Amino acid sequence: FLNILIAQLALAYESLKADTRGYANMNRAFNCVEIESFFPLSWRRKLWDELRFDAPVEFDLGDEGPAGGLQVVVPASKRDAVRYVPDRIQRYPGPASPNDPWPLDTEDIEE
């Protein structure tokens, strides 16, 4: 019975730890927005222009994504981690045209 209790507590702690990180990040974001509200509007507009939120984010060479974000380079060591989940979104870089066919998916082709 004691082993089950210890396992349950360990799982509850792990879940609580993940929630705590999320709440801490949310609190930091709230504090940043509150502090930023004290700055003059002209300074905030200048910051917005410098961060270039209206420019599309480049995913790869020649592959521009949506506007309104900041580009972050993920280190290769993070992709080698055990818990890393690869992106499920398939990107097809290059020019897009309604007349171009979809690229073939090599996993769907049976040899």
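The values are calculated or read from the model by the stated rules, or taken from the named source; none is laboratory data. From a predicted model like this one, the values you see are computed outputs, not experimental measurements. All accessible areas refer to the heavy atoms of the entire protein, side chains included, with ligands and DNA or RNA removed. Shrake-Rupley method; radii C 1.70, N 1.55, O 1.52, S 1.80 Å.
Side notes on the structure shown:
- A straight chain from LYS17 to TYR84 at 0.36 nm per residue would run longer than the Cα-Cα distance by 22.3 nm.
- The stretch 1-48 - convex hull of alpha carbons, volume per residue in Å³: 48 Å³
- The stretch 1-46, accessible surface, carbon-and-sulfur percent (1.4 angstrom probe): 66 percent
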